Amino acid sequence: MDLTTTPQQEALRAEVRAWLRTHLPWEYGVGLPPRFEDLAEEVAFGRRWQAELAAAGWVGVTWPEAYGGRGLGPAEHFVVQEELARARAPELVGRIGVNLAGPTLLANATDEQKARWLPDILGARTLWCQLFSEPDAGSDLAAVRTTARRVEGGFELQGRKVWTSYAQFADWAVCLARSDPDAPKHRGLSYFVVDMRAPGVTVHPLVQLTGEAEFNEVELDGVVVPDDQLVGAAGEGWRVANSTLSHERGVNPRQLVIHLQHLQELLTTAAACGAFDDTRLRRRLAQAYVEVRLFQLLNWRSLSKLQRGLEPGPEGSVLKLYWSEMSKRLHALALDVLGPAAPLWRDAADNPGDGSWQRAWLYYQAASIFAGTNEIQRNVVSERVLGLPRQAAGSAS
Ligand SMILES: Cc1cc2nc3c(=O)[nH]c(=O)nc-3n(C[C@H](O)[C@H](O)[C@H](O)COP(=O)(O)OP(=O)(O)OC[C@H]3O[C@@H](n4cnc5c(N)ncnc54)[C@H](O)[C@@H]3O)c2cc1C
C-alpha cells in the first residue's frame with residue numbers, strides 16, 4: 001500500500017485547514033462546539049454550520065460538481081474528514097443524506113429524481129432519515145414487513161419502523177418496504193423516498209441511554225407514495241438498499257481522528273488523576289495507544305484499496321468490528337481512570353471532563369450495534385474473509 005499523499009492532497013489539506021481557522025465558530029484547536037441541552041437547537045445549529053461548510057465546498061467532496069460536490073476521490077474525502085474532525089467540527093447533521101441517501105440516489109435514481117432531491121442535500125436545506133429497521137427486521141433486514149400496496153398512481157405504505165435516527169427533523173426518508181408479499185423474501189422489496197410530512201407518518205422519539213432522543217419509532221399508516229418516488233424498479237429494493245448499506249462501511253476517518261483526540265485527552269486526564277502510578281492502568285493506557293494506532297493502519301489499508309479503485313468489500317467488516325470494540329475498551333478505561341468520579345454526570349464537582357467521558361462511554365455502547373452488529377460482522381469476517389464454513393440455517397450455535 002502507498003501511504004504518501006500527493007502535493008495536491010496536501011494543498012487541499014492546507015486549504016480546508018485555513019478555511020476552518022477563520023470560519024469555525026470557536027477558536028481553532030482550543031475551543032469546542034457549544035453544548036446544547038435541546039436536540040432541536042443542536043440540529044438548527046448543525047444546519048447553519050453545514051450550509052456554511054457546503055457553500056465553501058467542504059461537504060460531499062466526492063459528489064459530482066453538478067450536485068454541489070468537487071468530484072474528488074476517496075483520498076481527498078479522507079483528508080477533508082480528517083481536518084474537520086481535527087478542528088472538532090461537529091458531525092454533519094445531514095450525514096444520512098450526504099453519506100447514505102445521496103450516494104444511493106446518485107447510483108440508482110432517474111435524472112428527474114436526482115434533479116429533484118440532490119441539490120438540497122449538501123447544504124442541509126433538506127434532512128434525510130433511513131427507514132430500514134423494524135422491530136423484527138434489523139440484522140435480517142430482508143425480513144421487513146412494512147407493506148407497499150399498489151394503488152392508483154403509486155403505493156400505499158403500512159407498517160412500523162424503529163431506530164430511525166433524526167426522523168423527527170427529517171424532510172425525506174429512504175424506505176424499504178415489501179411490495180410483493182408472494183415473491184421470495186429478497187425479491188419482494190422496493191425502495192422508496194417518503195415525504196416525512198405526508199399524511200399517515202407519525203414519529204415517536206425514543207430516549208436513549210445518554211438521555212437524548214436521537215432516534216425514533218416511525219408509524220406509516222396508509223402513507224401514499226407516488227410512483228415518481230420509487231427508486232429503481234418495483235422488486236429491486238434489496239439491490240438498491242445494499243448500495244445504501246455499502247456506504248455505511250469502509251474507511252472511517254472521522255472516528256479515527258475522534259479516537260486519536262480521545263486518546264490524547266485520556267492520557268492528559270490520566271496524568272492529572274495520577275493514573276500512571278497504577279501499574280495496571282498504565283499498561284492499559286499503553287495498550288489503548290497501540291490499539292488506536294492499529295485502527296489508523298487499518299483505515300490506511302482500506303483507503304489504499306479504495307484509491308486503487310477496489311472496494312473494501314467484506315474487509316470493511318474488520319474495520320467496523322475493530323473500531324467499535326476498541327472504542328468500548330477505550331471508554332471503559334476512561335471511566336477507570338476517573339475512578340471515584342466515574343458515576344458522576346454534568347455539573348458535578350470534581351468530575352474531570354464534566355460528564356463528557358461518561359456520556360461517551362454510554363454513547364459508544366451503540367457502536368457495536370449500528371451499521372451491522374458485531375455478531376453479524378464476525379459472521380462476515382469468518383465466512384467471507386477467512387473462508388470458514390457458513391453457519392447452517394436454523395443452527396443455534
Ligand atoms: C445508534 C443507532 C442508530 C441507528 N439508526 C438507524 C437508522 O437511522 N435507520 C435504521 O433503519 N436503523 C438504524 N439503526 C438500527 C440498526 O441498524 C440495528 O439496530 C441493527 O441492524 C441490529 O438490528 P436489531 O437491533 O433489530 O437487532 P437484531 O437483529 O434483533 O439482533 C439481536 C441480537 O442478535 C444477534 N444476531 C442476529 N442475527 C444473528 C446471526 N445471524 N448470527 C449471530 N448473531 C445474530 C445480533 O448481533 C444482536 O446481538 C440504528 C441503531 C443504532 C444503535
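The values are calculated or read from the model by the stated rules, or taken from the named source; none is laboratory data. Just so it is clear, the structure is predicted and the values come from calculations on it, not from any experiment. Methodologically, a virtual Cβ is constructed for each residue, glycine included, from the backbone with ideal geometry; neighbour enumeration extends over all protein chains shown.
What pairs come up if the first residue lies in segment 7-30 and is outside any helix (DSSP H, G or I), the second is surrounded by fewer than 17 Cβ atoms within 10 Å (Cβ to Cβ) and hydrophobic (A, V, I, L, M, F, W, C), and their beta carbons are under 9 Å apart, counting only those six or more places apart or on different chains?
PRO25/PHE45; TRP26/LEU32
Pick out, from segment 121-180, the strands (runs of 3 or more DSSP E) lying fully within it that include 3 or more residues that are more than 15 Å from the ligand (Cβ to nearest atom) and within 21 Å of TRP238 (Cα to Cα).
By residue number, 147-151, 154-165.
Which members of segment 210-223 meet the condition of being surrounded by fewer than 17 Cβ atoms within 10 Å (Cβ to Cβ) and more than 18 Å from the chain's Cα centre (by Cα)?
GLY211, GLU219, ASP221, GLY222
Output the residues belonging to segment 93-112 that are at pLDDT 95 or above, within 16 Å of the ligand (Cβ to nearest atom) and hydrophobic (A, V, I, L, M, F, W, C).
Answer for segment 93-112, where residues must be at pLDDT 95 or above, within 16 Å of the ligand (Cβ to nearest atom) and hydrophobic (A, V, I, L, M, F, W, C): VAL93, ILE96, VAL98, ALA101.
Answer with yes or no whether LEU118 is closer than 25 Å to ALA233 by Cβ, more than 16 Å from the ligand (Cβ to nearest atom), among the aliphatic types (A, V, I, L, M) and buried (at least 19 other Cβ atoms within 10 Å of the Cβ).
In short, yes.
Looking only at segment 335-350, count every residue that is modelled with pLDDT under 95 and surrounded by 14 or more Cβ atoms within 10 Å (Cβ to Cβ) and tell me the total.
Residues flagged as modelled with pLDDT under 95 and surrounded by 14 or more Cβ atoms within 10 Å (Cβ to Cβ) within segment 335-350 amount to 1.
Taking segment 66-83, which residues are out of contact with any helix residue (DSSP H, G or I) (no Cβ under 7 Å at 6 or more places or on another chain), outside any loop (DSSP other than H, G, I, E, B) and within 23 Å of GLY250 (Cα to Cα)?
HIS77
Being crowded, with 20+ Cβ neighbours inside 10 Å, within 19 Å of the chain's Cα centre (by Cα), in contact (Cβ under 8 Å) with a residue 60 or more places away in the chain and within 23 Å of TYR191 (Cα to Cα) is the requirement here; does GLN81 meet it?
So GLN81 fails the test.
Residue check: is PHE36 under 30 Å from GLU311 (Cα atoms), modelled with pLDDT under 95 and surrounded by 14 or more Cβ atoms within 10 Å (Cβ to Cβ)?
The answer is no for PHE36.
What number of residues within segment 63-74 are surrounded by fewer than 19 Cβ atoms within 10 Å (Cβ to Cβ) and of a type outside the set (Asp, Glu)?
Looking only at that region, the number is 5.
Only one of (1) within 27 Å of TYR191 (Cα to Cα); (2) buried (at least 16 other Cβ atoms within 10 Å of the Cβ) fails for PHE45. Which number is that?
(1)
Taking segment 134-161 as the region of interest, how many residues are among the hydroxyl-bearing types (Ser, Thr, Tyr), surrounded by 17 or more Cβ atoms within 10 Å (Cβ to Cβ) and either in contact (Cβ under 8 Å) with a residue 60 or more places away in the chain or under 19 Å from PRO205 (Cα atoms) (or both)?
Total satisfying the criteria: 1.
Which one is farthest from LEU100 (Cα to Cα) among residues in segment 179-192 that are crowded, with 22+ Cβ neighbours inside 10 Å and not polar (S, T, N, Q)?
Applying the filter and picking the extreme gives LEU189.
What pairs come up if the first residue lies in segment 353-372 and is within 16 Å of the ligand (Cβ to nearest atom) and of a type in the set (Gly, Ala, Ser), the second is modelled with pLDDT under 95 and part of a loop (DSSP other than H, G, I, E, B), and their beta carbons are under 7 Å apart, counting only those six or more places apart or on different chains?
Between residues of segment 353-372 that are within 16 Å of the ligand (Cβ to nearest atom) and of a type in the set (Gly, Ala, Ser) and residues that are modelled with pLDDT under 95 and part of a loop (DSSP other than H, G, I, E, B), the close pairs are ALA371/GLU248; ALA371/ARG249.
Quick test for you: out of ALA124, ALA107, ALA87, pick the one residue that is within 25 Å of PRO199 (Cα to Cα), in contact (Cβ under 8 Å) with a residue 24 or more places away in the chain and of a type in the set (A, V, I, L, M, F, W, C).
ALA124
Checking ASP350 against (1) more than 22 Å from CYS129 (Cβ to Cβ); (2) within 16 Å of the ligand (Cβ to nearest atom); (3) of a type outside the set (Ser, Thr, Tyr), only one condition comes out false. Which one?
In the conditions (1) more than 22 Å from CYS129 (Cβ to Cβ); (2) within 16 Å of the ligand (Cβ to nearest atom); (3) of a type outside the set (Ser, Thr, Tyr), ASP350 misses (2) alone.
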